[in-house]
Structures are given as C-alpha cells and as structure tokens.
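A.B. asks: Pasting a structure below so you can have a look.
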Amino acid sequence: MRGTPRPLRRPTQRVGEYNTKAGLIEPIIAALGWDVHPKPSDDNCDASHSRCAWLAGARARANRHTSGPRVRYIPVSQTERRLTLHDVLGSGRLPAGSRLETDYLGQHHTAELLADGQIRFQDETYGSLSSAGVAVKQAVRGPDIPESVRATDGWSFWRAADAQVGDTVTLKTLRRRVAASHTA
C-alpha cells in the first residue's frame, strides 16, 4: 500500500533497558544489523575496522561525562558580590602594580593593575576587569565579536598572584578569600 510508512523495526524486536550511557549504544548498533562486540579491543574486533572504531569512539564519548572529578559550582555570596576591586586592593592580597594574566584561545595575555583600580592592557586603560577582558577578546578575535562572546566576567577571566598565600588564582578566588577574612 502506497503512502503507508514502514516501521523502523519489527514488532518482535525488543530493545533492552540499559542504565549507562554507554549501554545505549549497543541496541542502536544491533538495530542497524551490525555486529556488537563487548569491547573493541577484543580479539574478535579489529580496532582498525570502521564499525569497531566507531563503537570505541561512541563508548568514549558516552563515558566522557561520567568519569573523572566533577567541578562543583560554588555560588557567589552576597558578601563577595559587595566587594569591589578597590576592596581587594585594600586587603593586601593584590597590591597595586600587580600583573594580571589570562589565556584566551591559546594566547597568553598580561595586564597591569593600577593603584586606582583601573587595568592597563596594551597601553590602554580600562575601568573594569570585564572591559579589559573584552579588550583581550577583541585583540584575539577582532572588533566585530558577537555579544555572546563579548560578555566577560572579569573576576573569572583574570588571574593574579595572591600576595599573602603566593599562589596564582583567579580574581574571583581572591575576592572569595577577602570575603572569608571579612566574615571571620
């Protein structure tokens, strides 16, 4: 009969339930009629074979988000949000003249923090961390960048050495440390 859509699979075929992301791959491969091997590295599956290589890549992509340490987002507290760059300068953790650095699209950039809280990047002075971050993005990508790329959280974008601890961290982390010392 013309115009009747053909079913994608026979009604007698059942696709099992799987609990892992990687387990979802095998029924799809089986529905396509390909051989499904337990592991692409087994003797019965040559890794150079395109189906086995695809299956290995699919398993790796499926497990990519489930392995390794998870980065936990810590929300910015109201105390942190109230702190300005002048407050961080006054805390002694970030002295005037400090070197700010960032890596953007594989390029390393530095700027200088001035005593009045402004940032000097490529002989231009910027009134905020965010505007200096936008200048870095424009230096790398050109002046006509979309708004979605232009948006820059300067506190997360720039890194500097903590004068009290000695490690190099984002300015957001420095601000968090200053806020913690204010509440302690």
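The values are calculated or read from the model by the stated rules, or taken from the named source; none is laboratory data. These figures come from a predicted structure and were not determined experimentally. For neighbour counting, all protein chains shown are included, and Cβ atoms are generated from backbone atoms with ideal geometry for every residue, glycine included.
A.B. asks: Test T170 against the stated conditions and say whether it is closer than 19 Å to T84 by Cα and surrounded by fewer than 16 Cβ atoms within 10 Å (Cβ to Cβ).
C.D. replies: It is false that T170 is closer than 19 Å to T84 by Cα and surrounded by fewer than 16 Cβ atoms within 10 Å (Cβ to Cβ).
A.B. asks: Could you tell me whether A135 is in a helix (DSSP H, G or I) and in contact with an Asp or Glu (Cβ under 7 Å, 6 or more places away or on another chain)? Break it down into steps so the answer makes sense when it comes.
C.D. replies: Details: in a helix (DSSP H, G or I): yes; in contact with an Asp or Glu (Cβ under 7 Å, 6 or more places away or on another chain): yes.
Judged against the criteria, A135 is a match.
A.B. asks: Residues in the stretch 140-148: is at least one under 23 Å from the mean Cα position of the chain (by Cα), part of a helix (DSSP H, G or I) and closer than 14 Å to L89 by Cβ?
C.D. replies: So far as the stretch 140-148 goes, no, none of its residues is under 23 Å from the mean Cα position of the chain (by Cα), part of a helix (DSSP H, G or I) and closer than 14 Å to L89 by Cβ.
A.B. asks: Take the stretch 85-108 and flag every residue that is in contact with a strand residue (DSSP E or B) (Cβ under 8 Å, 6 or more places away or on another chain) and farther than 17 Å from V169 by Cβ.
C.D. replies: A96, G97
A.B. asks: Inspect the stretch 92-112 for any residue being in contact with a Pro (Cβ under 8 Å, 6 or more places away or on another chain) and either under 13 Å from A179 (Cα atoms) or not aromatic (F, W, Y) (or both) and give the result as yes or no.
C.D. replies: Just the residues of the stretch 92-112 that are in contact with a Pro (Cβ under 8 Å, 6 or more places away or on another chain), to begin with: none.
No, there is no match, as no residue in the stretch 92-112 is in contact with a Pro (Cβ under 8 Å, 6 or more places away or on another chain) and either under 13 Å from A179 (Cα atoms) or not aromatic (F, W, Y) (or both).
A.B. asks: Given the criteria among the polar types (S, T, N, Q), at negative phi and either modelled with pLDDT of 95 or more or outside the structural domain of V88 (by TED's automatic domain parsing) (or both), does Q118 qualify? Quick ask: steps written out before the conclusion?
C.D. replies: On the way: among the polar types (S, T, N, Q): yes; at negative phi: yes; either modelled with pLDDT of 95 or more or outside the structural domain of V88 (by TED's automatic domain parsing) (or both): yes.
So Q118 fits the description; yes.
Matching residues to (1) at pLDDT below 95; (2) buried (at least 19 other Cβ atoms within 10 Å of the Cβ):
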site: Q78; (1), (2): yes, no
site: L85; (1), (2): yes, yes
site: V88; (1), (2): yes, yes
site: S91; (1), (2): yes, yes
site: R99; (1), (2): no, no
site: H108; (1), (2): no, no
site: L113; (1), (2): no, yes
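A.B. asks: Here's a follow-up. In the set T110, T152, T173, which member is of a type in the set (S, T, N, Q), assigned to a strand (DSSP E or B) and either under 27 Å from S77 (Cα atoms) or free of Cβ contacts under 8 Å to residues at least 40 places away in the same chain (or both)?
C.D. replies: Values: T152 fails: assigned to a strand (DSSP E or B); T173 fails: assigned to a strand (DSSP E or B).
The conditions single out T110.
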